[in-house]
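Take a look at the structure set out below.
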Amino acid sequence: MNARTSLLTLSVLNAAAAGLVSAGEPATSPSVEVPTPSRWRFGAGYAPMFGLKTEFSGLGEFHSAFSPQPLGGGTNYTYDNGFVHVDSSGNLGGKTWNWGYDDNSRYSAAGTGSINLSLTNSLADGRVSENSDAQQGFECFAYLDMGAVAIPALKDLGATWGFRGGLHYARVNADNGNLVAAGVTTLTDSFNLGGTLPPLAPFSGSFGGPGPLINDAPSRSVATGGQALVVGSRALDVDLTTLSLGAYLEVPLTRKFSVMLEAGFSAALAAGSYDFNSATSITGLGTQQSFGHASATSVLPGVYLGLDGVYQLNKAWAIQAAARYQYMHDYTLDANGSSAALSFNSAFVVSIGVVYSF
């Protein structure tokens, strides 16, 4: 073997050895940067409202067709059940024959006898409450994770805290058609007959006369009693959009399930309308109709406090169920003397939805 052949053989052996060594070493790859998980979670769900109460008030409007006149003689008095007017003599001697009454119950034989005539009006104080059933609602919300809590006992449990924002919509309908009672006030003027026995009712004297005389200056009393009965319908319809901002505390109970306590402030935009139609009846006087309509948009400040349960389906998706006490100022509408007030003193939002994190 010459020198050239030996050199060639040595080169081949060296190349083969280098290949074997290289094949035995693990391959290296460029480093891969792992993305930081987002601190945000977003969710949406079905969220009806419960515990709403609407009070309808100012019902039962009924007015006499006549107004009371100042006391004194020489005046034309007209009542629901009779009259005492000035006669052609100008009420000579403080007496008049120009008077009348509709029924015998107006006569009182006490003393020297009198005719008692009255004006009756309702107090329009009828009221009724309507406890609303579940009102349809939907919401969307977001959470911003601020990390572990500083309290050692909670931190050891893996508790975290953060901020929550939400937007909730509900359509509120409150309808009522119950029979309602309203109070009645009666003004009674007594005209002395001076011992004269009046003609049987119905009786109507004349301006020219002559006829039985009655004193033209009455004594007066006012009493509250009796009832006016009110039938009709009342309806309050409200679109309620509520923005809530607050904080939350989340405590894991298992690897997949955690509970969440949340609280904060809210502001609702309430846009609604109130309509009512009433027929008010007083025995012996008939029935009067009244109706009204009003609409307005108001901002209702409030607070909320909620408890949630979160079940993690996988890394990205979770199911959340929640119950939230939602207090806000009353929403009130006034229409032609009547009012409708929607109260949130016992209002709750119960929701079921999904949450997405990334």
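The values are calculated or read from the model by the stated rules, or taken from the named source; none is laboratory data. On a predicted model such as this, the values are computed, not experimentally measured, just so you know. Cβ sites come from the backbone with ideal geometry, for glycine too, and all protein chains shown count toward neighbours.
Which one is surrounded by the fewest Cβ atoms within 10 Å (Cβ to Cβ), of the residues in the range 285-333 that are without any contact (Cβ under 8 Å) to a residue 60 or more places away in the chain and not in a strand (DSSP E or B)?
N314
Filter the range 224-255 for residues that are over 30 Å from G126 (Cβ atoms), under 27 Å from the mean Cα position of the chain (by Cα) and not small (G, A, S) and give the result.
Answer for the range 224-255, where residues must be over 30 Å from G126 (Cβ atoms), under 27 Å from the mean Cα position of the chain (by Cα) and not small (G, A, S): T241, T242, L243, L245.
Yes/no matrix, rows are residues, columns are (1) in contact with a Ser or Thr (Cβ under 6 Å, 6 or more places away or on another chain); (2) free of Cβ contacts under 8 Å to residues at least 24 places away in the same chain; (3) crowded, with 16+ Cβ neighbours inside 10 Å:
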site: G194; (1), (2), (3): yes, no, no
site: P198; (1), (2), (3): no, no, yes
site: F207; (1), (2), (3): yes, no, no
site: I214; (1), (2), (3): no, no, yes
site: P218; (1), (2), (3): yes, no, yes
site: G226; (1), (2), (3): no, no, no
site: G232; (1), (2), (3): yes, no, yes
site: A235; (1), (2), (3): no, no, yes
site: L240; (1), (2), (3): no, no, yes
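Filter the range 36-64 down to residues that are surrounded by 15 or more Cβ atoms within 10 Å (Cβ to Cβ) and assigned to a strand (DSSP E or B), then give me how many there are.
13
I'm trying to understand the selection: among the residues of the range 109-133, which are more than 30 Å from V349 (Cβ to Cβ) and surrounded by fewer than 21 Cβ atoms within 10 Å (Cβ to Cβ)?
A109, A110, G111, T112, G113, N116, S118, N121, L123, D125
Within the range 74-101, can you find the residues that are surrounded by fewer than 16 Cβ atoms within 10 Å (Cβ to Cβ), among the small types (G, A, S) and touching a Phe, Trp or Tyr at 6+ places or on another chain (Cβ under 9 Å)?
Scanning the range 74-101 gives a single hit, S88.
Mind counting the residues in the range 36-64 that are at pLDDT 95 or above and of a type in the set (V, I, T)?
1
Need a quick list: strands (runs of 3 or more DSSP E) entirely within the range 65-174 having at least 1 residues that are at pLDDT 95 or above and more than 27 Å from T283 (Cα to Cα).
137-148
Can you pull out the residues in the range 334-358 that are part of a loop (DSSP other than H, G, I, E, B) and of a type in the set (G, A, S)?
G337, S346, A347
Can you tell me how many residues in the range 235-278 are under 18 Å from D330 (Cα atoms) and in contact with an Asp or Glu (Cβ under 7 Å, 6 or more places away or on another chain)?
4
Being within 17 Å of A247 (Cα to Cα) and more than 21 Å from the chain's Cα centre (by Cα): is that true of V354 here?
It is false that V354 is within 17 Å of A247 (Cα to Cα) and more than 21 Å from the chain's Cα centre (by Cα).
Working carefully through the options G246, G183, find the one that is assigned to a strand (DSSP E or B) and either closer than 30 Å to D133 by Cβ or touching a Lys or Arg at 6+ places or on another chain (Cβ under 6 Å) (or both).
Exactly one of G246, G183 is assigned to a strand (DSSP E or B) and either closer than 30 Å to D133 by Cβ or touching a Lys or Arg at 6+ places or on another chain (Cβ under 6 Å) (or both), namely G246.
Return yes or no: is V172 hydrophobic (A, V, I, L, M, F, W, C), touching a residue at least 12 places away in the same chain (Cβ under 8 Å) and within 17 Å of L123 (Cα to Cα)?
Against the criterion (hydrophobic (A, V, I, L, M, F, W, C), touching a residue at least 12 places away in the same chain (Cβ under 8 Å) and within 17 Å of L123 (Cα to Cα)), V172 does not qualify.
Within the range 289-299, does at least one residue satisfy the condition of being β-branched (V, I, T) and more than 31 Å from the chain's Cα centre (by Cα)?
No; the residues of the range 289-299 include none that is β-branched (V, I, T) and more than 31 Å from the chain's Cα centre (by Cα).
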